[in-house]
């Protein structure tokens, strides 16, 4: 496993890592708001790869070691008024970045798994580029519809705090946030959260990228009509104790996609606790395996 960088077009470079056999079925993991590729835990990725997948995790633009823009992001008040810098991108741009990465990796069709904002990006890829997606798994995400899937007021208060000014402050803030939004039905691993927060600061200490990503979500608005066009086999996973994306977001996503299956995980919040990994891995793997066509049907459809 070695971090690499791919040119995905339009002046954007994406940092990524891969696990598993190069000839295995490709499965791509998309990170959430302000999260970096290691937000998909290394052991989680390795366990997926052990089930027979070529697993890719990556930094979205404006995170980690991928391309960062330099324009000043809109403030929260400006976002609410839908006022953006001219350079502001949206989720469709992030989806195009993802497809550019698939092109660079020579993956024609993949299993897409996205968490939170990553779920929004995965939904958008599946809607706009249906020929590139075998299956979609949308985890703790939403459609952008108003009044559903919204953060709790207490979560907004934590998000509104001024950015951290040091590594230790960033670690402390991250621990505080994940104690709040994390999975209260599973043990909280403060040491691991602290370690990952420190790594995130070391790779990318700038908070501006997260603000630009948040603006991309706001700018994309209600994507329900777009989500309704998705035809790929879809699994929606949501915890029943999510304070960042209310479970109504998962329910709305499943309701918008014909044939989608909704799985609720008791006690799970807005993270990937190790205690939930057996269930998550089984759900993702079972969904992908059910939907992989036979070799004969690939020939018939020209896949």
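The values are calculated or read from the model by the stated rules, or taken from the named source; none is laboratory data. Since we're looking at a predicted model, the values are computed, not measured. A quick note on method: Cβ atoms are made from the backbone with ideal geometry, for glycine too, and the neighbour counts reach across all protein chains shown.
Structure summary
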| read-out | value |
| --- | --- |
| Hits in region 121-131 - residues which are touching a strand residue (DSSP E or B) at 6+ places or on another chain (Cβ under 7 Å) and either closer than 9 Å to residue 98 by Cβ or not in a helix (DSSP H, G or I) (or both) | 121, 122, 125 |
| Conditions (1) buried (at least 23 other Cβ atoms within 10 Å of the Cβ); (2) over 22 Å from residue 179 (Cα atoms); (3) touching a strand residue (DSSP E or B) at 6+ places or on another chain (Cβ under 8 Å): number failed by residue 261 | (1) |
| Matching option when the condition is surrounded by fewer than 20 Cβ atoms within 10 Å (Cβ to Cβ) and part of a loop (DSSP other than H, G, I, E, B), among 104, 78, 65, 74 | 65 |
| In region 149-162, the residues that are assigned to a loop (DSSP other than H, G, I, E, B) and over 22 Å from the mean Cα position of the chain (by Cα) | 161, 162 |
| Sole exception among (1) in contact (Cβ under 8 Å) with a residue 40 or more places away in the chain; (2) loosely packed, with under 15 Cβ neighbours inside 10 Å; (3) closer than 23 Å to residue 42 by Cβ for residue 231, by number | (3) |
| Residue in region 21-47 that is surrounded by the most Cβ atoms within 10 Å (Cβ to Cβ), counting only those that are more than 16 Å from the chain's Cα centre (by Cα) and assigned to a helix (DSSP H, G or I) | 47 |
| Residue among 221, 198, 185, 209 that is modelled with pLDDT of 95 or more and on the phi > 0 side of the Ramachandran plot | 221 |
| Residue match in region 233-252 (condition: part of a helix (DSSP H, G or I) and within 16 Å of the chain's Cα centre (by Cα)) | yes |
| Matching residues, region 129-159, being in contact (Cβ under 8 Å) with a residue 24 or more places away in the chain and either surrounded by fewer than 17 Cβ atoms within 10 Å (Cβ to Cβ) or at positive phi (or both) | 129, 130, 140, 144, 146, 149, 150, 152, 154 |
